[in-house]
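Working notes for the structure below.
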Amino acid sequence: MLKKILVIRFSSIGDIVLTSPVVRCLKQQSGSEVHFLTKQSFGAILSDNPYIDKVFTIHKKVSEVLPALRMEGYDVIIDLHRNLRSLQIKLALFRVRHYSFDKLNLEKWLMVKLKINQLPDVHIVDRYLKTAEPLGIKNDGKGLDYFIPPEDELDVNNWIASSGTDVKVLTAPANQSSTAYTAFVIGAAHATKRLPRERIIAWCQQISGPVILLGGPDDRENGEFIAAQCGPHVLNACGKLRLHQSASVVRQARLVITHDTGLMHVAAAFKKPIWSVWGNTIPSFGMYPYYPEGMGPDRRFEVQGLSCRPCSKIGYAECPKGHFRCMREIVSESPG
């Protein structure tokens, strides 16, 4: 029997959420003690996960945790990042059996540079799980997990009232977990993953009922502008909430409109209806919303037939071609 397993994924928000089925299945199916190694800035995502027994974090270098990792006596390492840092860990713990995730870098390069699609029609979660398959781990079909600490669960009605807005959020019936607002995730790490703000404004104006804008501190000014242009039914929460609090807003929403970003996967973990918006990246990379078996799919908004798309597997600060058609030509709809 395996007593102790180390799972490695250093970043980012979405990728770590996408590893949650691996952690759950390892814990429930192997009965092992499960540890997780990630970057310091993402450790809080895992803090309340009941399937993880211990979280190790690094700031920059793996040498920060190597002495502690050596003392743990791991039976297996599951490397879901497969980069230089994770290689250093595996070399330092060379006696420990390890299994590494296939990142499909060649297939992604062919798709981005030559538009030759050799990518398998398999979600990244199923590829993560395949990494643990030699241990007898099977997909339980339950989808993603995200655990919010009790202190970060937001009473959205009270929070809106305290913000000074006159938006009235109507609580859903007692047998439903959603309230009457739409969460619109306007942020994303790269500009080519984000709709131009005039398109977000136009979309918000199509939505009947309250809208809460979500994003990080870098999105705050943009969110304020959008909210001011749209009127009192749109509330800007960008940069005003911690990640877990934003997740709480997502959990309570009736619908989540989102770019290809971390909160999209958080929304999938809460089994929310998702309208996902795709710019320079494509769902074929295998990182679209991952629901439990028998649920979904999400609604996807993307411009088909652009010869320049995808231009990157990650994103850019601006459109390399200058026209940004992949986002400017998105046709929005009213959710009613």
Quiz item: If you take the residues in region 116-133 that are hydrophobic (A, V, I, L, M, F, W, C) and closer than 18 Å to residue 20 by Cβ, which one is farthest from the chain's Cα centre (by Cα)?
Solution: 132
Quiz item: So which of 127, 82, 95 is at pLDDT 95 or above and either small (Gly, Ala, Ser) or part of a helix (DSSP H, G or I) (or both)?
Solution: 127
Exercise. State which residue is surrounded by the fewest Cβ atoms within 10 Å (Cβ to Cβ) when the search covers only region 235-245 and only residues that are of a type outside the set (Lys, Arg) and more than 15 Å from residue 184 (Cβ to Cβ).
Key: 243
Quiz item: Taking region 213-234 as the region of interest, how many residues are without any contact (Cβ under 8 Å) to a residue 24 or more places away in the chain, over 18 Å from residue 181 (Cβ atoms) and surrounded by 15 or more Cβ atoms within 10 Å (Cβ to Cβ)?
Solution: 1
Quiz item: From the list 114, 106, 119, 91, which residue is touching a residue at least 60 places away in the same chain (Cβ under 8 Å) and either surrounded by fewer than 14 Cβ atoms within 10 Å (Cβ to Cβ) or not assigned by TED's automatic domain parsing to the domain that holds residue 268 (or both)?
Solution: 119
Quiz item: Hey, residue 308 hits all of (1) farther than 18 Å from residue 118 by Cα; (2) of a type in the set (A, V, I, L, M, F, W, C); (3) free of Cβ contacts under 8 Å to residues at least 40 places away in the same chain but one; which does it fall short on?
Solution: (1)
Self-check item: Scan of region 130-150 for residues that are surrounded by 14 or more Cβ atoms within 10 Å (Cβ to Cβ) and either farther than 22 Å from residue 46 by Cα or modelled with pLDDT under 95 (or both), ordered by number
Solution: 135
Quiz item: Are any residues in region 14-58 closer than 18 Å to residue 68 by Cα and assigned to a helix (DSSP H, G or I), and if so, which ones?
Solution: 40, 43
Quiz item: With respect to residue 248, is the statement that it is surrounded by 19 or more Cβ atoms within 10 Å (Cβ to Cβ), closer than 19 Å to residue 207 by Cα, touching a residue at least 24 places away in the same chain (Cβ under 8 Å) and among the small types (Gly, Ala, Ser) true?
Solution: no
Practice problem: Kindly indicate whether residue 116 is outside any loop (DSSP other than H, G, I, E, B) and among the β-branched types (Val, Ile, Thr). | Solution: no
Quiz prompt | region 1-41, residues that are of a type in the set (Phe, Trp, Tyr) and within 17 Å of the chain's Cα centre (by Cα) | solution = 10
Exercise. Could you tell me whether region 31-44 includes any residue that is modelled with pLDDT under 95 and assigned by TED's automatic domain parsing to the domain that holds residue 79?
Key: yes
Quiz item: Looking at (1) within 14 Å of the chain's Cα centre (by Cα); (2) among the acidic types (Asp, Glu); (3) not assigned by TED's automatic domain parsing to the domain that holds residue 222, which is the one condition that is false for residue 260?
Solution: (3)
Quiz item: What are the residues in region 59-79 that are assigned to a helix (DSSP H, G or I) and surrounded by fewer than 19 Cβ atoms within 10 Å (Cβ to Cβ), if any?
Solution: 63, 64, 66, 67, 68, 70, 71, 72
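The values are calculated or read from the model by the stated rules, or taken from the named source; none is laboratory data. Just so it is clear, the model here is predicted, and its values are computed rather than measured. Reconstructed Cβ throughout: ideal geometry from the backbone, glycine too, with neighbour counts over all protein chains shown.
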